[in-house]
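For reference, the structure discussed in these notes is given below.
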Amino acid sequence: MIKYYTFFLLLISSLSFAQTAFRYDQNIAVTQNDEDLSIPFAGGINAAQIQTMDVDGDGIEELVIWDINARQTSVFKISGNSYIYLPEMSYFFPSDVNGFLVLADYDGDGKKDLFTSSPFGIRAYRNVSLAGAGFPTWELAQNFLRLDNNSNLQANNLDIPLIMDVDGDGDLDIATFNFASGDFLEFYKNTSVERKGVPDIDGFAFPEARWGGFEFCDCGSFSFGVTCAGFPMGRVLENENKNIEHAGGHSILYADFDGDGTFDLLMGQDECDVLYFLPNKGTNAVPVFDEFSNTLPSVGDLPEFPIFHASQIFQNQLIISTNSSSIAGPFKADYGLNIFSIPLSGGLKEPFLQDQMLDFGENSRPFFKGNKNNGSLIVSSNSLIGGRVVGRAISINTSLDSWEILDDDYLNLSELDLTDLQFIEYVNTQNQTMRWLAGTDTVNFSLQKKLLFSRDINFQDLEEISVPGITPRPLDHFEFFTYHNLDYLLMSRQTGELVLFSISNSGSPQLTLLERDFLGFGDSPAARNLSVHVIPNQTPSLYAIDQRGLLFFVEDFMNSEERKNVGVLIEEEKLDTRLGRNTWLSHVPDPFSSQYDLILGNTAGGIQYLKAAEIEELPSGDRFLANIYPNPTTGPIKIIANQNVEARLINSLGQILMDNITIEANREVELEAGILAPGVYILNFRLENGQSLSRRVIIRP
């Protein structure tokens, strides 16, 4: 018997707008192996150059880390034995930090200034922060440091130079490895105090070659007193600087390690997997090095791990990190666990910072499904597993205020032996869930990017799909979407180009190239590493970002190319994003509005969370909220509500087609709509307090 029902139709419109402002959010608790992570959204670290300075003007120094690999600056407030991540503080450092970052006070005002690499050598910024200011302010002091003869002081941007008052006269001297041949130290004495009586960085003496009396010859091989070629030291041979022997990187730490009151040398080199200790048998200004070892007094044997080590002393700990700008694979490096601390008094090597954050290794790509209240996050990354760097997927259960890592090798995808893995699901125009993987394979010593399709939920029947007209590269990224009842693919390329394909889903998917340089994104040396993410809708929009770290929003991109800058709110000011070398995005929908948050993955293998800053006004109190999507639809109907309710589906004649549909609070329910004829339907909710509310559902042909 057909029942009839008299109803009141409540129409609630959903506001749709361009989201171009976000805030960093760290209020979500994250659990890994039954332990809470203290700084889960710190974004990961690959290669840490560690410095300290008072960033927020409270008189206490913070930890400042420049990651040469991910090209991002991170700031951590020190709170006892724990750390607080301050993501906004990175926006108050110069945007052109490159190669190395050294913080040291050059003018004696008690505030640390900033030194970094420039095309001409070393660029310097003066710290001009006001007393008690909540963030630092900088002004360019020297575009590049000069010698007294006005030539530039050269430095390799892969080196971390020594910048300190070596001779004790009150100004900062510089020691760095020879720029041309690269394997001996040159000492540049600062002459400012001698020339004008005050410390400055406006002139340095001609360099003293082979400072300390040694040359680095090879990993584990030094030459003392003579060059590696057997020539006497003391002068630069004719044409020596024209013959580049090694232009790689070096790290330098100058400190007293053996307790004799004189600074010793602890150095790293970019081809070696351990640090070298050279005890000083001279003075600080005129050092004498005649031996080396891989053992440090009191500390013991220095750790070995890939590759290129940099060191720093912090809170009576020796901190050792990788300083490589290379990818992890060739060196079998574990970028998720390559920063360690060792007590200077001796003790065990312990992970530093990385064990307190979501750091999955290298190139973390997020894929989110569900909504903010109840969802699932799959993060793919390059990780060291079984002695090899491979792509894996990590499964994370998410809710409004807590996340839990469920599986650190989801579906055993690491067994595919691919790198730069990308996990993809989307619902096509035929209401089928399409499952895809992309990854890089090594075939005959050549890297080949593959796009793989599966009909199986566990990816057991992978089929490679050809990409017509283009050879995909390792960092290319794929994004699927639907528009006007057709399926499409966007391919964002590491060259900076965006390519549009159509998809035919009859049998095996087939791609057809529609447009290159789509939306004006073309091959560009300045905008490499393009990545886009689509916000699905009847008029889909997208976010785009490249190696510059600037995030853009294109609304209704199938009909418009207009780009809007996306910013983060800091001190209530909207600032353009300043993200790292590679960024990949996914979005987290709010179940009861058109808003969404953003999840960011990056080169450093971490995760950052951006919360929507443009807040829609939602009903307050205990008012009932429900969301029905997609609506209109041609397939399944998904329902989520903020209270426990029962529902019934009613047609336009008042006939009850489905009854006693149980919906738990914040849990998504899916109704099959394939049997419904096109038209308008009513979903009636019966609340626990006896109220009855209704929503309209439109089924398309």
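The values are calculated or read from the model by the stated rules, or taken from the named source; none is laboratory data. Model, not experiment: these values are computed from the prediction. Positions of Cβ are backbone-derived with ideal geometry, glycine not excepted, and every protein chain shown enters the neighbour counts. Heads up: the accessible areas ignore ligands, DNA and RNA and are worked out on the full protein's heavy atoms, side chains in. Shrake-Rupley method; radii C 1.70, N 1.55, O 1.52, S 1.80 Å.
Structure data summary
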item	result
Residue list for the stretch 140-194, filter: among the charged types (D, E, K, R) and open to solvent by less than 40 Å² (accessible area, probe 1.4 Å)	ASP159, ASP171, ASP173, ASP183, GLU186
Counted residues, the stretch 531-571 - those being among the polar types (S, T, N, Q), touching a strand residue (DSSP E or B) at 6+ places or on another chain (Cβ under 6 Å) and surrounded by fewer than 17 Cβ atoms within 10 Å (Cβ to Cβ)	1
Inter-residue pairs, beta-carbon under 6 Å, first touching a residue at least 12 places away in the same chain (Cβ under 8 Å) and basic (Lys, Arg) and in the stretch 560-576, second in a strand (DSSP E or B) and open to solvent by less than 100 Å² (accessible area, probe 1.4 Å), 6+ apart	ARG563/PHE552; ARG563/VAL554; LYS564/PHE553; LYS574/ALA21; LYS574/GLY567
Sole residue being of a type outside the set (A, V, I, L, M, F, W, C) and under 36 Å from the mean Cα position of the chain (by Cα), chosen from PRO678, PRO630	PRO630
Residue within the stretch 178-185 that is modelled with pLDDT of 95 or more and among the hydroxyl-bearing types (Ser, Thr, Tyr) present	no
Tally of residues being assigned to a strand (DSSP E or B) and in contact with a Lys or Arg (Cβ under 9 Å, 6 or more places away or on another chain) across the stretch 493-532	4
Options LEU687, LEU693, LEU657: the member that is over 17 Å from THR633 (Cβ atoms) and either surrounded by fewer than 18 Cβ atoms within 10 Å (Cβ to Cβ) or β-branched (Val, Ile, Thr) (or both)	LEU687
Hits in the stretch 264-286 (condition: more than 21 Å from ASP167 (Cα to Cα), out of contact with any strand residue (DSSP E or B) (no Cβ under 6 Å at 6 or more places or on another chain) and crowded, with 16+ Cβ neighbours inside 10 Å)	ASP270, CYS272, ASP273, VAL274
Some residue of the stretch 253-263 being assigned to a loop (DSSP other than H, G, I, E, B), charged (D, E, K, R) and touching a strand residue (DSSP E or B) at 6+ places or on another chain (Cβ under 9 Å)	yes
Some residue of the stretch 94-104 being closer than 20 Å to PRO351 by Cα and of a type in the set (S, T, N, Q)	no
Criterion (aliphatic (A, V, I, L, M) and touching a Gly at 6+ places or on another chain (Cβ under 7 Å)) met by exactly one of LEU575, LEU551, LEU569, LEU542	LEU575
Test: residue in the stretch 349-361 that is farther than 30 Å from ILE28 by Cβ and not hydroxyl-bearing (Ser, Thr, Tyr)	yes
Subset of the stretch 50-65 (residues that are in a strand (DSSP E or B) and open to solvent by 10 Å² or more (accessible area, probe 1.4 Å))	ILE50, GLN51, THR52
Residue under evaluation GLN269, criteria (1) in contact with a Cys (Cβ under 8 Å, 6 or more places away or on another chain); (2) more than 15 Å from CYS217 (Cα to Cα), criterion not met	(2)
From the options SER221, SER181, residue that is within 29 Å of ASN294 (Cβ to Cβ) and in contact with a helix residue (DSSP H, G or I) (Cβ under 8 Å, 6 or more places away or on another chain)	SER181
Extreme residue, nearest to the chain's Cα centre (by Cα), among residues of the stretch 648-657 that are part of a loop (DSSP other than H, G, I, E, B) and not hydrophobic (A, V, I, L, M, F, W, C)	ASN651
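This table checks each residue for (1) in contact with a Phe, Trp or Tyr (Cβ under 9 Å, 6 or more places away or on another chain); (2) under 26 Å from LEU114 (Cα atoms).
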{"site": "GLU194", "(1), (2)": "no, yes"}
{"site": "GLY197", "(1), (2)": "no, yes"}
{"site": "ASP200", "(1), (2)": "yes, yes"}
{"site": "GLY203", "(1), (2)": "no, yes"}
{"site": "GLU208", "(1), (2)": "yes, yes"}
{"site": "PHE214", "(1), (2)": "yes, no"}
{"site": "THR227", "(1), (2)": "yes, no"}
{"site": "GLY230", "(1), (2)": "no, no"}
